[in-house]
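The values are calculated or read from the model by the stated rules, or taken from the named source; none is laboratory data. This is a predicted model, so every value here is computed, not measured. Neighbour counts are summed over all protein chains in view; Cβ atoms, including those assigned to glycine, are modelled from backbone coordinates with ideal geometry. Surface areas here come from the heavy atoms of the whole protein model, side chains and all, with no ligands, DNA or RNA. Shrake-Rupley method; radii C 1.70, N 1.55, O 1.52, S 1.80 Å.
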Amino acid sequence: MAIRPRRSVLSMPGSNARALEKARTLDADCLMFDLEDAVAPEQKDMAREQVAAAIKAGGFGRREALVRINPFATGIGGADLAAARGADGLILTKVETASDVGDARGRLAQTSAPPIQLWLMIETPLAVLNIREIAANAGHAQYPVAAFIIGPNDLAKQTRIAMTPDRLPMLAWLSACLLAARAYGVTMIDGVFNDFKGEAAFAADCALGRRLGMDGKHLIHPSQIAPANAAFSPSPDEIEQARKILAAFALPENQGKGVIPVDGRMVELLHSDAAKRTLAIADAIAAQ
């Protein structure tokens, strides 16, 4: 079971040369070089050049290098594609329909772009309403959809909901996106937490994201990397329990059984599958 950890997705402005250089030393699983919201209009060209140079230079090791581009509807998204050439992933913003993904694939094909994974920002009401169709079209030989990233600030702005610590006003939307992601094999990344100095609040938000089934967290500051990595990694107790379950099913007397007792509770083969995934994630993290 090959799994690539995506616990931490750190965003940094493509216009910040120092941040791009420092990215090679950070413990984030994924690095998002932003050409969109984090870059002022007058700095777009400079940001493209810097991101293109950083991607070409490489040196990111195990980290996935991602480039977030401007929407094609702005008229400048197409110019961003060259900066993303050679990256591990292309992040599409303001995606609302499966056709938007198809249009992006068409643009990539027209520019003879090499195969690259697509990451989609889910940040509008229409995107949430269409998430099933979007996920159903995730598969593609050259440009598959690898992940969804929730955009809570944009969603809150457009729906006028309250941003509460329990995220209750947004819970149904998050769950809808998660179900679509799981149904079609797409990674699900939780949205940003704005108060990067609120350590306890951020830890609680990560814990909530983990309980909601998210695979990782979109980050806005390097200080958030370590707590996000910890929150979205299997705990020692989870690893121990997974090993117990697999060891129990491996016993001769349990061969061929679908349900067995472990530590006073009944577990099924589905728990064995979950245990294998837990250990696969733990092994992948340990190998980094």
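With respect to the conditions (1) closer than 28 Å to Gln110 by Cα; (2) acidic (Asp, Glu); (3) more than 21 Å from the chain's Cα centre (by Cα), Glu21 lacks only one, and its number is (1).
Being open to solvent by 60 Å² or more (accessible area, probe 1.4 Å) and at pLDDT 95 or above is not true of Ala287.
Here is the figure for the stretch 89-103: residues that are farther than 11 Å from Ile149 by Cβ and either outside any helix (DSSP H, G or I) or of a type in the set (Phe, Trp, Tyr) (or both) total 4.
Leu155 meets the stated requirement of being at pLDDT 95 or above and closer than 15 Å to Trp173 by Cα. Can you find a residue that is modelled with pLDDT of 95 or more, among the aliphatic types (A, V, I, L, M) and under 25 Å from Asp154 (Cα atoms) anywhere in the stretch 53-61? No. Given the conditions (1) open to solvent by 50 Å² or more (accessible area, probe 1.4 Å); (2) over 15 Å from the mean Cα position of the chain (by Cα); (3) within 19 Å of Ala146 (Cβ to Cβ), report the number of the one that Asp45 does not fulfil. Single failed check for Asp45: (3).
The residues on offer are Asp154, Asp166, and the sole one that is of a type in the set (Asp, Glu) and touching a strand residue (DSSP E or B) at 6+ places or on another chain (Cβ under 9 Å) is Asp154. The one condition from (1) of a type in the set (Gly, Ala, Ser); (2) closer than 18 Å to His218 by Cβ; (3) surrounded by fewer than 23 Cβ atoms within 10 Å (Cβ to Cβ) that Gly59 does not meet is (2).
Using the structure shown, decide if Val95 is surrounded by 18 or more Cβ atoms within 10 Å (Cβ to Cβ), touching a His at 6+ places or on another chain (Cβ under 9 Å) and at pLDDT 95 or above. Taking the combined requirement at face value, the residue does not satisfy it. The set of residues in the stretch 62-78 that are among the small types (Gly, Ala, Ser) and surrounded by 13 or more Cβ atoms within 10 Å (Cβ to Cβ) comprises Ala65, Gly77, Gly78.
Among the residues of the stretch 192-215, those that are touching a Pro at 6+ places or on another chain (Cβ under 9 Å), open to solvent by less than 40 Å² (accessible area, probe 1.4 Å) and of a type in the set (A, V, I, L, M) comprise Val192, Leu208.
So, Ala141, is that one farther than 18 Å from Arg68 by Cα and either in a helix (DSSP H, G or I) or open to solvent by less than 40 Å² (accessible area, probe 1.4 Å) (or both) or not? Break it down into steps so the answer makes sense when it comes.
Values: farther than 18 Å from Arg68 by Cα: yes; either in a helix (DSSP H, G or I) or open to solvent by less than 40 Å² (accessible area, probe 1.4 Å) (or both): no.
Answer is no for this residue.
Looking at the stretch 250-265, is at least one residue within 30 Å of Pro125 (Cβ to Cβ), open to solvent by 30 Å² or more (accessible area, probe 1.4 Å) and not in a helix (DSSP H, G or I)? There is no residue in the stretch 250-265 that is within 30 Å of Pro125 (Cβ to Cβ), open to solvent by 30 Å² or more (accessible area, probe 1.4 Å) and not in a helix (DSSP H, G or I). Does at least one position in the stretch 72-92 carry a residue that is over 16 Å from the mean Cα position of the chain (by Cα), within 25 Å of Cys177 (Cβ to Cβ) and either modelled with pLDDT of 95 or more or among the hydroxyl-bearing types (Ser, Thr, Tyr) (or both)? Scanning the stretch 72-92 turns up at least one residue that is over 16 Å from the mean Cα position of the chain (by Cα), within 25 Å of Cys177 (Cβ to Cβ) and either modelled with pLDDT of 95 or more or among the hydroxyl-bearing types (Ser, Thr, Tyr) (or both).
The set of residues in the stretch 156-183 being surrounded by 13 or more Cβ atoms within 10 Å (Cβ to Cβ) and not in a helix (DSSP H, G or I) consists of Ile161, Met163, Arg167. Within the stretch 109-137, the only residue that satisfies the criterion of being surrounded by 14 or more Cβ atoms within 10 Å (Cβ to Cβ) and modelled with pLDDT under 95 is Ala113.
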